[in-house]
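This report refers to the structure that appears directly beneath it.
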Amino acid sequence: MRKLPGDISEQQENERMIRVDHAGEYGAARIYAGQLAVMGKTPGRKLVEHMAKQEQHHLDTFEALMKERKVRPTALMPLWHVAGFALGAATALMGEKAAFACTVAVESVIDKHYAEQQTRLGENEKNLARTIEKFRTEEQEHHDAGLAQGAEETPLYPVLTTAVKVASKLAIWLSTRV
């Protein structure tokens, strides 16, 4: 495909992927931190702790990739620090099922996001593609676990999940560029 003026290089596109994935995993870790801060000893706590641990591993992996490739983080990290925690705490305060509804919404957006990235990665990025595929599988597991925990029983589930999905898509768009 012929490049047009203003098109970014493959390297720049890959740097954007790493930057936005780092920001997303950071946001996810903050969401789970917010949920765990207010959740108490609920039946789903151990599952949330497990998912938080996986998100931390994802975050650590993208931080290492950023250092290795000298990719700058998004300038919006302070916002994601507060917004992620607030979203997690707010949904957990609404109840355990609402916390899982948040997970379902976020992970449905991330699944599509990671799938799109995989299709764009070239032959030179097989390791990054494998990492994204592994993490995508774990994110799908989080989504399915949230559904199994009764996320859809949350009052106003469609409203809550639509709001979280819109916010997640906006965060992805912003973190790719800023």
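What follows draws every value from the coordinates through simple rules; no lab data is involved. These numbers were taken from a predicted model, which means no experiment stands behind them. Don't worry about glycine lacking a Cβ; one is built from the backbone with ideal geometry, like all the others, and counts go over all protein chains shown.
Brief remarks on what is shown
- The C-alpha atoms of the range 12-177 occupy a region whose extents along the principal axes are 45, 28, 27 Å, arranged from largest to smallest.
- The region of the chain that goes longest without hitting one of the trypsin sites (Lys or Arg not before Pro) in a DSSP loop, each with at most 11 other Cβ atoms within 10 Å, is 71-178.
- Sequence-ordered 3J(HN,Hα) estimates for the range 170-177 from the Karplus curve with 6.51, -1.76 and 1.60 and θ = phi - 60° stand at 5, 4, 5, 4, 5, 5, 5, 9 Hz, glycine and proline given as x.
- The chain: angle of helix 10-39 to the longest principal axis, Cα-based, in degrees nearest 10: 10 degrees
- Neighbour-count ranking [beta-carbon atoms within 10 angstrom, fewest first] of 10, 123: 123, 10
- What the phi angles of the range 98-110 give under the Karplus curve with 6.51, -1.76 and 1.60, with θ = phi - 60°, is a coupling list of 5, 4, 6, 4, 4, 4, 4, 5, 4, 5, 5, 5, 5 Hz, glycine and proline written as x.
- If the chain linking residue 11 and residue 46 were pulled fully straight, counting 0.36 nm for each residue of separation and taking away their Cα-Cα distance, it would gain 8.7 nm.
- Net lengthening on full extension, residue 170/residue 120 (0.36 nm per residue, minus Cα-Cα): 16.0 nm
- Counting 0.36 nm for each residue step from residue 111 to residue 53 and taking away their Cα separation leaves a gain of 19.0 nm.
- Alpha-carbon centroid distance for the pair the range 105-167 / the range 1-70, whole angstrom: 11 Å
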